[in-house]
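One structure is given below, encoded as structure tokens.
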Amino acid sequence: MKVGGFEFADEKLAEQAKKELEGIRYIKEQMDMENPDMVLQVYGKVIEEKLFQTPVGYCFLKELQEYLMAVPYVRNEDIIPIPLPDQYGSQTKAADTKHTGQETQAQEKTEPVKQVERIEKHLDYKKRFHTLSVACCIMLLTMLAMFAITLTSNNPNILNYENKLINKYENWEQELDERQQQLDEREQELNGMNP
């Protein structure tokens, strides 16, 4: 029987894999993959309760484990290793007792390398965050300075050009009216002198 991309010779094991596949679907529907804390809790609970016993379930656990390892702020010590049953040659009892932070020798050898990589990635994110924060602050200050200059400037700009133009034309119109009035007064004076 084929279940979840695996072919099972044992019908009982295949039925168990089908149940696990349904459980995986349910977990994926209920779990928010954008929340690493929730994923870590679900991952730990599934391992503690030994919900998965087939390759289908182990693949899902490995997928969750890799996701958690990729999250910079989740510590490797908090990610419980996936215990395998004796048929796979594992003597791990991490699911029977709570994780104490002690790793097997093979894991201890690879763990420092993984930790260094994760720390470097984490520092890289911190550097990027600080760099981008400084850049954003500089751009914000620049924009505020530009607005201040624009608002206090006497030159027409996009914010005050309409008012400046209206005022300018009103001044011209007023000057023209005054000149016209002066010309009319001169004309009347000249007409009054010449009878």
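The values are calculated or read from the model by the stated rules, or taken from the named source; none is laboratory data. Just so we're clear, the structure is a prediction, and the values are computed from it rather than from any experiment. All Cβ positions, even for glycine, are placed from backbone atoms using ideal geometry, and neighbour counts span all protein chains on display. These area figures cover heavy atoms from the full protein model, side chains too; ligands, DNA and RNA do not enter into them. Shrake-Rupley method; radii C 1.70, N 1.55, O 1.52, S 1.80 Å.
When you go through Thr131, Thr100, Thr92, Thr110 one by one, which is the residue that is at pLDDT 80 or above, more than 22 Å from Glu34 (Cα to Cα) and among the hydroxyl-bearing types (Ser, Thr, Tyr)?
Working: Thr100 fails: at pLDDT 80 or above; Thr92 fails: at pLDDT 80 or above; Thr110 fails: at pLDDT 80 or above.
Just a single option satisfies the conditions, and that option is Thr131.
Does Gln53 qualify as being surrounded by fewer than 17 Cβ atoms within 10 Å (Cβ to Cβ), out of contact with any Asp or Glu (no Cβ under 7 Å at 6 or more places or on another chain) and not acidic (Asp, Glu)? Give the steps one after another, and end with the answer.
Working: surrounded by fewer than 17 Cβ atoms within 10 Å (Cβ to Cβ): yes; out of contact with any Asp or Glu (no Cβ under 7 Å at 6 or more places or on another chain): yes; not acidic (Asp, Glu): yes.
It is true that Gln53 is surrounded by fewer than 17 Cβ atoms within 10 Å (Cβ to Cβ), out of contact with any Asp or Glu (no Cβ under 7 Å at 6 or more places or on another chain) and not acidic (Asp, Glu).
Does Tyr58 satisfy being part of a helix (DSSP H, G or I), open to solvent by 20 Å² or more (accessible area, probe 1.4 Å) and either closer than 19 Å to Leu13 by Cα or modelled with pLDDT under 85 (or both)?
Details: part of a helix (DSSP H, G or I): yes; open to solvent by 20 Å² or more (accessible area, probe 1.4 Å): yes; either closer than 19 Å to Leu13 by Cα or modelled with pLDDT under 85 (or both): yes.
So Tyr58 passes the test.
Collect the residues in the stretch 19-38 that are of a type in the set (A, V, I, L, M) and surrounded by 12 or more Cβ atoms within 10 Å (Cβ to Cβ), keeping them in residue-number order. Please lay out each step first, then the result.
Step one: of the stretch 19-38, the residues of a type in the set (A, V, I, L, M) are 21, 24, 27, 31, 33, 38.
Across the stretch 19-38, the qualifying residues are Leu21, Ile24, Ile27, Met31, Met38.
Test of understanding: among Gln41, Gln65, which residue is in a helix (DSSP H, G or I), within 30 Å of Lys126 (Cα to Cα) and open to solvent by 90 Å² or more (accessible area, probe 1.4 Å)? It would help to see each step written out before you state the result.
Values: Gln65 fails: open to solvent by 90 Å² or more (accessible area, probe 1.4 Å).
Criteria check complete, one pass: Gln41.
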